[in-house]
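The values are calculated or read from the model by the stated rules, or taken from the named source; none is laboratory data. For clarity, every value in this text was computed on a predicted model and none was experimentally measured. Every residue, glycine as well, gets a Cβ built from its backbone with ideal geometry; the counts of neighbours run over all protein chains shown.
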Amino acid sequence: MKSRVSYSGDLPGERARPASGPSLQRNTAWALGAEVLRAGAGAGVVFGLALLLDQADIGRYAAVFAIANAAAMIGHVGAPFVFIRQRSRGGAAGEAFRRMMGTVLLGGLISSGLLIAAQPLLLDEVSLEVFALLAISRLLPFGLAEATVATATSERNQRFGFGLRSINTLGRLLPLGALAMMDEASLLDWALVSAVGFWVSALVMYVITATRFGLSTPPTAPRRQDLRQGVPLALKLGTGSLLTSVDRPVLVAQGLAIEAGEYSIGARVAELGQLPVMALVRVTSPDFFAAGEDGLAAVRRLAIRMTVPAALAGAAVGIALVVAAPVVPMMLGPDWEASVGVIRLLAPLPLLKAVQRFAANALTGADAPLTQFWALLVATAVNLVANLLLIPRIGLNGAIVSTLAAESLYAAMLWGLLERSVRLERAGSAESLTTTK
């Protein structure tokens, strides 16, 4: 029987067994807990700020965060996913970890500098000081945090990953307490305290992970082949982030900062509805990389098997969002009454995301991230153009219509591209067999 991948040193190891049975259930439960912490922290920050800052500042924060988050996804150059891929296929732990950390640090520094330099072009409605602090607090710390969680994922140790997410959650929520103690708190105050929280939690996560797995060695520069594998993944993630959040910067740029805040609250609630699917996506990501070695047909079968229950869960969550939407203004106050309509209109998102996730993982696991990237690019471009056309005419409703249309288009394209790739692979195999005969 093959042994599980070990982090005891630089031993090559063997490919980890796909999780199944009780092991999959336990890991999924821990991964669900970690996703609850991740999404709960994001929602907690937005809800907490809604109680401490005015609506327009919430919108401005959401706009900067949307841009910085997309840059953070690109800034880590896909290194965490390259690490999972290498470990799931038997790569040495120590050297892969050092390269991952080196890539994250270098990419984070470069992307931070470029993003801050581009601030006047991207969002001059927010001051440079606020923009820079929020960007610095997101980019490098995000890469470090995701690298540590990727280490736990590749080891199939979701319990340890839950512990890491707990530290990250504290780093995001504790600054709210500091902000609450300030008189006349501003968005700049939040940018300062949140930067401290992000950085401290990310460094603690790194030290604990390196110590736990015996990997506390200096980072090294990435190899070209790591960058070739990681850059398409990073572009895919960054574009995917923009697909879900490009509306907030457009709303702020159109002078609708209050509406951007209302939309942000609704989108955060809809994101909470995606937690069960995201937990299953995280815990099965090594399985898709492992199945990818057997070809596209194998990863498509795995994607179909995972999508059916995920879609049913997404539909059920959407119904729950429609029913529970009025709870939000009860918590945040009557100023946020408009968020009820936003939540109800965005209720299909958990179902759409469930349909997308495993087809996307199938393409990634089969080493076809560029295929997924082009689909994302088209959907994001459609979303951006639709927002630019509709928001000046119908305001907040334009952002909602654009989002649902783009997400639906993306889901359809993913499954269409996956089916096409399987047919091409089969045709190539048949042609190869005929030539051999």
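Selection over the stretch 261-278 of residues that are closer than 20 Å to residue 306 by Cβ and either polar (S, T, N, Q) or without any contact (Cβ under 8 Å) to a residue 40 or more places away in the chain (or both) gives a count of 1.
Quick grid of which residues meet (1) out of contact with any Leu (no Cβ under 8 Å at 6 or more places or on another chain); (2) surrounded by fewer than 22 Cβ atoms within 10 Å (Cβ to Cβ):
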| position | (1), (2) |
| --- | --- |
| 83 | yes, no |
| 94 | no, yes |
| 109 | no, yes |
| 119 | no, yes |
| 125 | yes, yes |
| 139 | no, no |
| 142 | yes, no |
| 150 | yes, no |
| 153 | yes, no |
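Got a sec? Which of 299, 342, 323 is in a helix (DSSP H, G or I), among the β-branched types (Val, Ile, Thr) and closer than 24 Å to residue 237 by Cα? It is 299. Of the residues making up the stretch 337-346, at least one is touching a residue at least 40 places away in the same chain (Cβ under 8 Å) and within 19 Å of residue 409 (Cα to Cα). For the stretch 154-194, filtering for residues that are touching a helix residue (DSSP H, G or I) at 6+ places or on another chain (Cβ under 6 Å), at pLDDT below 85 and polar (S, T, N, Q) leaves 2.
Among the residues of the stretch 269-323, the ones that are under 15 Å from residue 350 (Cα atoms) and small (Gly, Ala, Ser) come to 11 in all.
Conditions tested, residue by residue: (1) of a type outside the set (Lys, Arg); (2) surrounded by 15 or more Cβ atoms within 10 Å (Cβ to Cβ); (3) touching a strand residue (DSSP E or B) at 6+ places or on another chain (Cβ under 6 Å); (4) at pLDDT 50 or above.
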{"site": "3", "(1), (2), (3), (4)": "yes, no, no, no"}
{"site": "17", "(1), (2), (3), (4)": "no, yes, no, no"}
{"site": "26", "(1), (2), (3), (4)": "no, yes, no, yes"}
{"site": "38", "(1), (2), (3), (4)": "no, yes, no, yes"}
{"site": "49", "(1), (2), (3), (4)": "yes, yes, no, yes"}
{"site": "53", "(1), (2), (3), (4)": "yes, yes, no, yes"}
{"site": "58", "(1), (2), (3), (4)": "yes, yes, no, yes"}
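Of all residues in the stretch 186-209, exactly one satisfies the criterion of being surrounded by fewer than 18 Cβ atoms within 10 Å (Cβ to Cβ) and among the small types (Gly, Ala, Ser), namely 186.
Condition (residue is modelled with pLDDT of 90 or more, on the phi < 0 side of the Ramachandran plot and basic (Lys, Arg)) applied to the stretch 292-301: is it met by at least one residue? Looking through the stretch 292-301, none of the residues is modelled with pLDDT of 90 or more, on the phi < 0 side of the Ramachandran plot and basic (Lys, Arg). Note on the stretch 202-240: residues that are among the small types (Gly, Ala, Ser), out of contact with any Pro (no Cβ under 8 Å at 6 or more places or on another chain) and closer than 17 Å to residue 99 by Cβ amount to 5. Checking the stated criteria, residue 64 turns out not to satisfy the condition of being crowded, with 22+ Cβ neighbours inside 10 Å, touching a helix residue (DSSP H, G or I) at 6+ places or on another chain (Cβ under 9 Å), on the phi > 0 side of the Ramachandran plot and touching a residue at least 40 places away in the same chain (Cβ under 8 Å). Looking at the stretch 113-231, the helices (runs of 4 or more DSSP H) lying wholly inside it that each contain 1 or more residues that are among the β-branched types (Val, Ile, Thr) sit at 128-154, 158-180, 187-212.
Could you tell me whether residue 246 is surrounded by fewer than 22 Cβ atoms within 10 Å (Cβ to Cβ), within 20 Å of the chain's Cα centre (by Cα) and modelled with pLDDT of 85 or more? Break it down stepwise before answering.
On the way: surrounded by fewer than 22 Cβ atoms within 10 Å (Cβ to Cβ): no; within 20 Å of the chain's Cα centre (by Cα): yes; modelled with pLDDT of 85 or more: yes.
Answer is no for this residue.
Of note, residue 356 does not satisfy the criterion of being crowded, with 17+ Cβ neighbours inside 10 Å, modelled with pLDDT under 85 and assigned to a helix (DSSP H, G or I).
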